[in-house]
Amino acid sequence: MTKIAPSVLSSDFSQLGREIQDVDRGGADYIHVDVMDGHFVPNITIGPLIVDAVRPHTELPLDVHLMIENPDSYIPAFAEAGASIISVHQEACLHLHRTIQLIKNSGAKAGVVINPATPVDMIRESLHDVDLVLLMTVNPGFGGQSFIPQVLQKIEQVALLREKQQLRFEIEVDGGVNRDTAKLCADAGADVLVAGSAVFKQGDRKQAIQEIALAAGRTE
Ligand SMILES: O=C(CO)[C@@H](O)[C@H](O)COP(=O)(O)O
Ligand SMILES: [Fe+2]
């Protein structure tokens, strides 16, 4: 069953706790938290203090997407703040294996992310180690961008590698996911769909989540 992970980047930050409770009640599976440092991506968002502040507002897994340089310096703080899954960009890691071990040793699940222009080969050696592979379907940094359809073949490629090697990680996609693109992603093999504006910019978040899930083939 395809999971939906609303991205709080498109929520009303002045009401963050309530916004998270709204999508929790609306059927979200994960809460996606975008962390940006103004270096790896041209935008600045939130840090471990905010993760710590929202943690009591939901029991859903907090899916923390680190778009930061030097993630090793911040992973322990995010884990301590209550991140359930911590994903790092391959492009930001000099020693990816070490970083993945650091995430696991901190008690969180480990994810690896690649940008649209990064080939799947760059994470091939890490597939055995991770709980989640996140394929960016936009260039990271902002919500509300258009889906890049060339990434669909990378989803298929990762799904095939997972099947051949009998691995168990989840495949997540992030960026420009809406009712139309959700089906394309799910058909290509995505298990978790991150959706920011397609959920938080809608009046009825429950309906928005249901429509994306239905489009992705969820039957109930
Ligand atoms: O990581 C990012 C952007 O860098 C995402 O998680 C966005 O927040 C997704 O927003 P939409 O494209 O769904 O509006
Ligand atoms: Fe994200």
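The values are calculated or read from the model by the stated rules, or taken from the named source; none is laboratory data. Here the structure is a predicted model, which means the values were calculated and not measured. All Cβ positions, even for glycine, are placed from backbone atoms using ideal geometry, and neighbour counts span all protein chains on display.
Looking only at strands (runs of 3 or more DSSP E) that lie completely in region 104-220, which have at least 3 residues being among the acidic types (Asp, Glu) and within 26 Å of Val23 (Cβ to Cβ)?
170-174
State whether the residues of region 10-19 include one that is buried (at least 18 other Cβ atoms within 10 Å of the Cβ) and assigned to a helix (DSSP H, G or I).
Scanning region 10-19 turns up at least one residue that is buried (at least 18 other Cβ atoms within 10 Å of the Cβ) and assigned to a helix (DSSP H, G or I).
Quick check on Val54: is it part of a helix (DSSP H, G or I) and touching a strand residue (DSSP E or B) at 6+ places or on another chain (Cβ under 7 Å)?
no
Quick check on region 124-139. Is at least one of its residues modelled with pLDDT of 95 or more, over 26 Å from Ser11 (Cα atoms) and either of a type in the set (Phe, Trp, Tyr) or within 16 Å of the chain's Cα centre (by Cα) (or both)?
Yes, the conditions are met somewhere in region 124-139.
For region 34-56: of the residues being within 16 Å of ligand 1 (Cβ to nearest atom) and touching a helix residue (DSSP H, G or I) at 6+ places or on another chain (Cβ under 6 Å), which is nearest to Asp191 (Cα to Cα)?
Top of the filtered list is Asp34.
When you go through Arg18, Arg25 one by one, which is the residue that is out of contact with any helix residue (DSSP H, G or I) (no Cβ under 6 Å at 6 or more places or on another chain), within 23 Å of Phe200 (Cα to Cα), away from ligand 1 (no atom under 16 Å from the Cβ) and in contact (Cβ under 8 Å) with a residue 60 or more places away in the chain?
Arg25
Which residue pairs have Cβ atoms under 7 Å apart, sit 6 or more places apart or on different chains, and have a first residue in region 30-46 that is closer than 13 Å to Val64 by Cβ and assigned to a strand (DSSP E or B) and a second that is near ligand 1 (Cβ under 10 Å from one of its atoms) and charged (D, E, K, R)?
Pairs that qualify, where the first residue is closer than 13 Å to Val64 by Cβ and assigned to a strand (DSSP E or B) and the partner is near ligand 1 (Cβ under 10 Å from one of its atoms) and charged (D, E, K, R), are Ile31/Asp63; His32/Asp63; Val33/Asp63.
Could you please give the count of residues in region 57-90 that are out of contact with any strand residue (DSSP E or B) (no Cβ under 8 Å at 6 or more places or on another chain) and crowded, with 21+ Cβ neighbours inside 10 Å?
0
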